[in-house]
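Worksheet: the structure to be examined is printed underneath.
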Amino acid sequence: MNYYNVIGILNTSMAAIFCIALLAIWRNNRALNYIRVFGLSYAVRSLCFGIFYFAFSLENPVLRYSANIFLLFAIMFLSIGLSSRRLRPPRYGALLAVGVLTLLPLLHYQFMDPNLLARVIILNCGLALLSVLMLRDVVRGAAGHPGRAGACGFAARVMRRLSSPPAVSYRVGRIRSAVRGFLLARRFDF
């Protein structure tokens with residue numbers, strides 16, 4: 001059994017286990033619809049990994065593209081579930097825009113001009129944009145409840161503060177000088 005088989009079986013089965021667990025929790029708490037959306041997200045993810053397994057073993061580009069579509073849908077369902085959990089309306093327009101802006105270049109680099117590196121970069125950028133949308137929901141949901149923000153909310157606030165335009169060059173300079181000071185204090189050559 002090669003590593004493709006092991007990875008394909010483990011990814012698919014773990015996503016299926018999470019799906020079954022979340023749907024069992026939802027069955028006992030039907031008022032919490034976001035748990036059902038989380039379960040649907042993991043069901044789509046399990047389907048995606050199953051398609052990836054066959055796409056790699058059969059070397060079929062259509063299956064690879066459809067697996068990428070299902071992977072984006074799984075993360076979109078996760079974002080919708082998180083928005084519902086935070087009692088915020090999901091950003092369907094932003095999710096649709098990220099999906100279209102990701103899938104159209106993937107279509108081009110999958111069939112018209114096959115380029116694996118471009119596909120990896122495009123898919124990861126699309127998934128990162130969806131993650132940023134989810135991170136914004138975490139921060140906005142915790143704004144009224146500062147104690148509920150947790151590590152994700154703290155990380156989002158730090159990222160927002162560090163990336164504010166007037167402070168970027170100032171903070172980069174301070175970080176650089178702090179690193180130099182640390183290295184000089186330890187008597188390292190750089």
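The values are calculated or read from the model by the stated rules, or taken from the named source; none is laboratory data. Here the structure is a predicted model, which is why all the values come from computation and not from measurement. Virtual Cβ from ideal backbone geometry, glycine too; neighbours counted across all protein chains shown.
Just to be sure I understand the filter: pairs with C-beta atoms under 6 Å, separated by 6 or more residues or on different chains, first member in the stretch 9-32 and within 18 Å of PHE52 (Cα to Cα), second member of a type in the set (D, E, K, R) and surrounded by 17 or more Cβ atoms within 10 Å (Cβ to Cβ). Which pairs pass? Listed pairs, sorted by first residue: ALA15/ARG45. Just one of the listed residues (CYS19, CYS48) is at pLDDT below 95, buried (at least 19 other Cβ atoms within 10 Å of the Cβ) and over 16 Å from the mean Cα position of the chain (by Cα), and it is CYS19.
So in the stretch 51-74, with the set limited to residues that are over 18 Å from the mean Cα position of the chain (by Cα) and of a type in the set (A, V, I, L, M), which one is farthest from ASN5 (Cα to Cα)? Top of the filtered list is VAL62. Going residue by residue through the stretch 65-82, is there one that turns out to be farther than 15 Å from LEU129 by Cβ, surrounded by 14 or more Cβ atoms within 10 Å (Cβ to Cβ) and without any contact (Cβ under 8 Å) to a residue 24 or more places away in the chain? Yes: the stretch 65-82 contains one or more residues that are farther than 15 Å from LEU129 by Cβ, surrounded by 14 or more Cβ atoms within 10 Å (Cβ to Cβ) and without any contact (Cβ under 8 Å) to a residue 24 or more places away in the chain. For the stretch 22-41, filtered to residues that are among the polar types (S, T, N, Q) and either in a helix (DSSP H, G or I) or closer than 19 Å to ALA67 by Cα (or both), the residue that is nearest to the chain's Cα centre (by Cα) is SER41. Within the stretch 91-138, restricting attention to residues that are of a type in the set (Ser, Thr, Tyr) and within 17 Å of the chain's Cα centre (by Cα), which residue is farthest from ASN68 (Cα to Cα)? Checking each candidate, the answer is TYR92. Evaluated against (1) within 19 Å of ASN11 (Cβ to Cβ); (2) surrounded by fewer than 19 Cβ atoms within 10 Å (Cβ to Cβ); (3) basic (Lys, Arg), ARG91 falls short on exactly one condition, (1). In the stretch 110-137, the qualifying residues are those that are closer than 19 Å to SER84 by Cα and hydrophobic (A, V, I, L, M, F, W, C), and the one that is surrounded by the fewest Cβ atoms within 10 Å (Cβ to Cβ) is VAL132.
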